[in-house]
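**Q** Below is the structure I would like to discuss, written out as structure tokens.
Readers should treat all values here as calculations from the given coordinates under stated rules, not as data from a laboratory. The shown structure was predicted, so the numbers you read here are calculated from the model rather than taken from an experiment. We place every Cβ from the backbone using ideal geometry, glycine too, and count neighbours over all the protein chains shown.
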Amino acid sequence: MKALLPTGVPGNLVEPGSADQPAPGPGEALVKVEAFSINRGEVLQLHRPQPGSRPGKDVAGLVVQAAADGSGPRVGQRVVAHLPGAGWAEYAAAPTDAVAVLPDSVSTVTAAALPLAGLTALRLLRTAGCVAGCKVLITGASGGVGHYFVELAAAAGASVTAVTASPERGRRLLELGAAAVVHDLDDARGPFGSVLESVGGTSLPRALALLAPGGSLFWFGQASREPATLSFFDFFKGPLSATIRHFSYADSAEPYRTDLEALVRLVADGRLHPEIGRLADWSQTAEALDDLHERRITGKAVLTIGHRDEH
């Protein structure tokens, strides 16, 4: 089958190649991939690919072989899946506990934009706890996670301030429910009960200073690739009893399927709107990876294989 293979060459991180069609094991369905999305973390990993690895975590398509143990979707059902890898190919083996069936109203293109970013946003919101009536700050908000989190948190009753690099990147966040969009942390009107930090570098200590007493900062990324330095003395002078917590969407014991089903349901109900900033044929994946790395894409980048699903 056709597949995209890592090269480790900046500007051309993947190239067309071939791979064996996967033979799904028990608890795995074989999916004919119709669309996949790329994540910034995958871009960074592709700069130093592991030997034998193949990229691709977020896919949507058609089940062509059901799991041998009877679990998961049936042949002919359209699904979205979050994979360990190897999804940028014509076929992928998908663990059935990480697959959700799609209703007719949700296209595979839309669904492909959901998994990693949507799971992160949903589980971040759950980790932050009840946010109704609370002020919440999120940095790096113009990426896939930021769009989902802003819409979910605003719908839950939070007053969300989103930090983006430019007005163009922030405009859609206001439409999704952000109470305010700022382009510099100095312009954020705190204090905030919760801060979601994904930039790292100097952003983290500046965001920490905006916490309310007893507030929590959830550190879920380091998009700047710059280490964050915290001074004990600055922290001591800052918000009383503040908490810094590392967050990873993969830490939850809940299977991905449960939250993927919730995300799909929210999209079908018109309560969650995936923001797709780039839609192209998978022959343009290398260009999309480069543009995502250079922050020329707002929201998610989705690549299609063969045809564009119009459901």
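**Q** Using the Kyte-Doolittle scale, which helices in the chain average at least 0.0 and also have C-alpha atoms spread 27 Å or more along the helix axis, with helices defined as whole DSSP H runs?
**A** Going by DSSP H runs, there are no hits.
**Q** What does the charge count near Glu254 come to, summing +1 for each Lys or Arg and -1 for each Asp or Glu among other residues with Cβ under 14 Å from its Cβ?
**A** Neighbour charge sum, excluding Glu254 itself: -1.
**Q** Using a simple spin-label model with points 7 Å from Cα along the Cα→Cβ vector, what separation in nm is obtained for Asn12 and His183?
**A** Computed distance between label sites Asn12 and His183 equals 3.6 nm.
**Q** Any idea what Rg and Dmax come out to for region 144-283 if you just take the C-alpha atoms, in Å?
**A** 16.4, 53
**Q** Right, here's the next one. For the chain, with a Gaussian network of springs between Cα atoms less than 10 Å apart, report the residue from Thr110, Thr258, Thr298 with the top mean-square fluctuation.
**A** Thr258
**Q** Another question about this same structure. Just to confirm a number: summing +1 for Lys and Arg and -1 for Asp and Glu over residues other than Leu266 whose beta-carbon lies under 13 angstrom from that of Leu266, what do you get?
**A** Here the charged neighbours net out to -2.
**Q** If you don't mind, there's one more thing I want to ask. Using alpha-carbon pairs under 8 Å, 6+ residues apart, how would you state the relative contact order of the chain in percent?
**A** About 19 percent, as a whole number.
**Q** Between Ala268 and Arg48, what is the label-to-label distance in nm when each label sits 7 Å out along the Cα-to-Cβ direction?
**A** Calculated label separation equals 4.2 nm.
**Q** Considering the chain as a Gaussian network with a 10 Å cut-off on Cα pairs, which listed residue, Arg54, Arg245, Arg169, attains the greatest mean-square fluctuation?
**A** Arg245
**Q** Right, here's the next one. Mind putting a number on the dipole of region 186-311 about its Cα centre? Charges go on the C-beta only, +1 for Lys and Arg and -1 for Asp and Glu, and I need it in Debye to the nearest 20.
**A** 380
**Q** Name the most mobile residue of Arg172, Arg48, Arg40, meaning the one with the largest mean-square fluctuation, in a Gaussian network model of the chain with Cα contacts below 10 Å.
**A** In the Gaussian network model the winner is Arg48.
**Q** Using Stokes-Einstein with the Kirkwood hydrodynamic radius over Cα pairs, what translational diffusion coefficient do you get for region 69-227 at 10 °C and a viscosity of 1.306 mPa s, in µm²/s rounded to a whole number?
**A** Here the translational diffusion coefficient equals 94 µm²/s.
**Q** Work out Dmax and Rg for the chain from the C-alpha atoms and quote the Rg first, both in angstrom.
**A** Expressed in Å, the Cα Rg and Dmax of the chain come to 19.6, 60.
**Q** Related question: For every other residue with a beta carbon closer than 13 angstrom to the beta carbon of Phe192, add +1 if it is Lys or Arg and -1 if Asp or Glu, then tell me the sum.
**A** Local charge sum for Phe192: +2.
**Q** Related question: Within the chain, count lysine pairs with alpha carbon atoms under 21 angstrom apart where the residues are 8 or more positions apart or belong to different chains.
**A** Taking the Cα cut-off of 21 Å, the pair count is 4.
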